[in-house]
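Visitor: My structure is below; once you've seen it, I'll send some questions.
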Protein chains: 2
Amino acid sequence: MTQPRWLDQTEMAAWRAFLTTSHLLERRIEEQLKATAGLTHPQYEILVRLAAAPGRRLRMTELAEGVVASKSALTYQVGRLEEAGLVERTTCPDDDRGVLAVLTPAGAELLEKVAPGHLEIVREYLIDRLSREELRAMTSAMRKTEAALRSG
Amino acid sequence: MTQPRWLDQTEMAAWRAFLTTSHLLERRIEEQLKATAGLTHPQYEILVRLAAAPGRRLRMTELAEGVVASKSALTYQVGRLEEAGLVERTTCPDDDRGVLAVLTPAGAELLEKVAPGHLEIVREYLIDRLSREELRAMTSAMRKTEAALRSG
DNA sequence: CGATGGTTGTTCAGATTTGAACGGCAACTC
DNA sequence: GAGTTGCCGTTCAAATCTGAACAACCATCG
């Protein structure tokens, strides 16, 4: 029977600002990617993760955890990217259950073309507006929450 | 022909932490609300906004801006909430085009019942893990971005 | 008043997400 | 090595979101 602990004014302001801003920024990014490259944000993030992975390939499950998507959502999006020739599927040599998503040269090329415009948005609306101190504090805060959510 | 400005390591870490954490937290909140009240997060946010509004009512457009949803998504969700008896629709007295979404007593009651559990999650994973300084910095950062996105 | 342009909310088709159920394979035990 | 348990990715139906098109209404101006 713990007492409900409401958020005080400062805490609530922080939470509402975070919630609203993350949605607004998501919307802006989606708009930019769709206009520039015909990609959704989840699709772009898949390409980014693959590009950064050794051999430009990742197991579906790892990829899903990386981009924070459900297994079925990832299956769907990798299917779209495969149709577009940006990603290929290979069966995992070590584990016949597994599937490796592999970035194709065309995928890598598209990513290189699109990334600058995407990062420009991230800069324009978020990074460039923050002081070094705010940047540091935000990273620290986000990592604490991420760690807590990943472990649960 | 501006040179592409990549993010340095610190900046990229901040962005990735923000992106990942906002998705993880969203997922956790969705899970909690669905299990506790059968509500989606967007639906919960609609109830919150209405509860805080004068007369517990808001124009559809204002509501859509408040919760950061598209017009059609709001139409859909208000429809669900109306079916559940948590919200009612009234034509706006001032403007025959307008529709007022009004929180019903049942909606207010459900919100009071659900809010503590929801806020407990927000505390557990975000607010309570942040120092006062981090909280302040995050609010400041989010507000700058929000202002920039709202004005554009 | 009548015309024009902008706003409001809904509708619709198509795209995407969700979560449960499933078949196939791996790992471990006895 | 047969049995059991669990993981892997996909499939499916249902729910939700998106963006364009639309009808109804407001506001302004001549």
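Read the figures in this text as sums done on the coordinates, not as results from a lab. Predicted model, so just to flag it, every value in this text is computed and none were measured. Note that each Cβ is placed from the backbone with ideal geometry, even for glycine, and that neighbours are counted across all protein chains shown.
Visitor: On average, how many beta carbons from a partner chain sit within 10 Å of the beta carbon of a residue in B:8-14? Mind dumping the intermediate values first?
Guide: Numbers: counts 1, 0, 5, 10, 3, 5, 13.
Counting other chains' Cβ atoms within 10 Å and averaging over B:8-14 gives 5.
Visitor: Which of the three applies to the protein assembly as shown, rounded, prolate or oblate, going by the alpha-carbon gyration tensor with a ≥ b ≥ c and a/c under 1.5 meaning rounded?
Guide: On the way: a/c = 1.65, a/b = 1.56, b/c = 1.06.
Prolate, because a/c is 1.5 or more and a/b exceeds b/c.
Visitor: What's the magnitude of the charge dipole for segment B:1-47 around its Cα centre, counting Lys and Arg as +1 and Asp and Glu as -1 at the beta-carbon? Answer in Debye, nearest 20.
Guide: Numbers: 5 positive and 6 negative charges, 15 e Å.
Computed about the Cα centre, the dipole is about 80 debye.
Visitor: Let me ask something additional. Can you give me the distance in nm between label points at A:T36 and B:T36, each placed 7 Å from the Cα along the Cα-to-Cβ direction?
Guide: Taking the simple label geometry, A:T36 and B:T36 are separated by 3.8 nm.
Visitor: I've got another one for you. For the pair A:A13 and A:A147, what calculated FRET efficiency results from E = 1/(1 + (r/R0)^6), where r is the Cβ-Cβ distance and R0 = 22 Å, to the nearest 0.05?
Guide: Working: r = 24 Å, r/R0 = 1.10.
That pair, A:A147 with A:A13, gives E of 0.35.
Visitor: Follow-up. Could you check which residue among A:P105, A:P54, A:P116 shows the biggest mean-square fluctuation in a GNM of chain A with a 10 Å Cα cutoff?
Guide: With Cα springs under 10 Å in chain A, the top fluctuation among A:P105, A:P54, A:P116 is at A:P54.
Visitor: Among the lysines, which fall within straight-line cross-link reach of B:K34, defined as a Cα-Cα distance under 27 Å, with same-chain neighbours fewer than 8 residues apart omitted?
Guide: A:K71, A:K144, B:K71, B:K113
Visitor: Could you give the dipole magnitude of segment A:26-151 about its Cα centre, charging the beta-carbon of Lys and Arg +1 and that of Asp and Glu -1, in debye to the nearest 20? Write out the running numbers ahead of the final one.
Guide: Details: 19 positive and 20 negative charges, 58 e Å.
Here the size comes out at about 280 debye.
Visitor: Taking a label point 7 Å from Cα toward Cβ, how far is A:G152 from its twins in the other copies, in nm, shortest first?
Guide: From this label point to the equivalent ones elsewhere in the assembly: 3.2 nm.
Visitor: Given contacts defined as C-alpha pairs under 8 Å and at least six residues apart, what's the relative contact order of chain A, whole-number percent?
Guide: Working: 112 pairs, mean separation 29.5, N = 152.
Relative contact order, chain A: 19 percent.
Visitor: If you place +1 on the Cβ of every Lys and Arg and -1 on the Cβ of every Asp and Glu, how big does the dipole about the Cα centre of the protein assembly as shown come out, in debye to the nearest 20?
Guide: Numbers: 42 positive and 44 negative charges, 58 e Å.
Computed charge dipole of the protein assembly as shown: roughly 280 debye.
Visitor: At R0 = 25 Å, how high is the FRET efficiency between A:D128 and B:K71 if r is their beta carbon distance? Nearest 0.05 is fine. Intermediate values should be presented prior to the final figure.
Guide: On the way: r = 31 Å, r/R0 = 1.22.
Once rounded, the FRET efficiency stands at 0.25.
Visitor: Projecting each Cα onto the charge dipole of chain A (Lys/Arg +1, Asp/Glu -1 at the beta carbon, about the Cα centre), which of A:P54, A:G152, A:S22 comes out farthest on the positive side?
Guide: Going by the charge dipole, the pick is A:G152.
Visitor: Across the residues of B:115-125, average count of Cβ atoms on other protein chains within 10 Å? Could you put the intermediate results ahead of the total?
Guide: On the way: counts 2, 5, 1, 0, 7, 3, 0, 7, 5, 4, 7.
Across B:115-125, the average partner-chain Cβ count within 10 Å equals 4.
Visitor: Continuing with the same structure: Give the residue from A:V87, A:Q77, A:A108 lying farthest towards the positive end of the charge dipole for chain A; charges sit on Cβ (+1 for Lys and Arg, -1 for Asp and Glu) and the dipole is referred to the Cα centre.
Guide: Value: A:Q77.
Visitor: Which distances in nm, rounded to one decimal and ordered from shortest, link the label point of B:P116 to the equivalent label points in the other identical copies, with labels set 7 Å from Cα toward Cβ?
Guide: 5.6
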